[in-house]
Amino acid sequence: CLAPALDAWWELQQAYPDLLPPAHRADLEAGLKRLVERQVADYGLGSLAQRTDLCHPAYPNMDVHYVLIMELAHRLWKDPRYLAERDGFLKILASAVYARGAFCYIHTQNECFVYHQLVVVYLARYWQLTGDARALELLRKTIPYYPYNVEPAGMPEYYTDACWKHYWGRGDMAGPAVIAALFNDPLNRRVYEITSAVWGHERGHVGAIAADLYKPVPS
């Protein structure tokens, strides 16, 4: 919840910096900063250094949220610790992508469609905010994923992945839409067309990021 909350607060500051009275703004930011510091303490590089039992990459879905949290926290409070945390976890994410564009889920377990989309969309939002070439290059490596993963009627790969047989879910359009737009990729554009026609368009924060990055690409 903290990544979209910080993102919304950052955008609000750009559009309406004086919307809240100073006391209310200070109270809200103090609460957000407390949550950020809890993330650093519980999930950050210092915590990892204490966990000799834990190998990385361990949890890319949470790692990408953490990258975005740290970027936004640095924008709000200018603490260089947040940049160090961001860069450390961006390096961990870079080690989590496989040769044909998938990420791991937890340790070496295969991911499923919805978990891949979280990494793609939040990493794209981080790139949109920063222009960080490391993030764009990591996203480039994921280009093959969706064309391999979605069959022509719009069903993503769940059923033949043994550990996801219970979760034969929909194929959301935000991930392939983002990859198609960033890299002018016609195959990902086709996956976007199929999944959006079958399942509709993504909503919420993920949908907002995809809409903001959207552009028409030949299919």
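The values are calculated or read from the model by the stated rules, or taken from the named source; none is laboratory data. This one's a predicted model, so the numbers in the text were calculated from it and none came from an experiment. Backbone-built Cβ (ideal geometry, glycine too); neighbour counts: all protein chains shown. To get the accessible areas, we keep the full protein, side chains included, count just its heavy atoms, and leave off ligands, DNA and RNA. Shrake-Rupley method; radii C 1.70, N 1.55, O 1.52, S 1.80 Å.
Looking only at the range 130-147, decide whether some residue is in a loop (DSSP other than H, G, I, E, B), buried (at least 19 other Cβ atoms within 10 Å of the Cβ) and within 15 Å of the chain's Cα centre (by Cα).
Of the range 130-147, the ones in a loop (DSSP other than H, G, I, E, B) are 131-132, 141-144.
Now restrict to residues that are buried (at least 19 other Cβ atoms within 10 Å of the Cβ): 142.
With within 15 Å of the chain's Cα centre (by Cα) added as a condition, the list becomes 142.
Among the residues of the range 130-147, at least one is in a loop (DSSP other than H, G, I, E, B), buried (at least 19 other Cβ atoms within 10 Å of the Cβ) and within 15 Å of the chain's Cα centre (by Cα), which makes the answer yes.
Reported count of residues in the range 1-51, each being within 22 Å of Gly204 (Cβ to Cβ), open to solvent by 40 Å² or more (accessible area, probe 1.4 Å) and in a helix (DSSP H, G or I), is 10. Checking the stated criteria, Leu83 turns out not to satisfy the condition of being part of a helix (DSSP H, G or I), on the phi < 0 side of the Ramachandran plot and open to solvent by less than 10 Å² (accessible area, probe 1.4 Å).
Looking only at the range 89-126, residues that are crowded, with 17+ Cβ neighbours inside 10 Å, among the hydroxyl-bearing types (Ser, Thr, Tyr) and either without any contact (Cβ under 8 Å) to a residue 40 or more places away in the chain or assigned to a helix (DSSP H, G or I) (or both) come to 3 in all.
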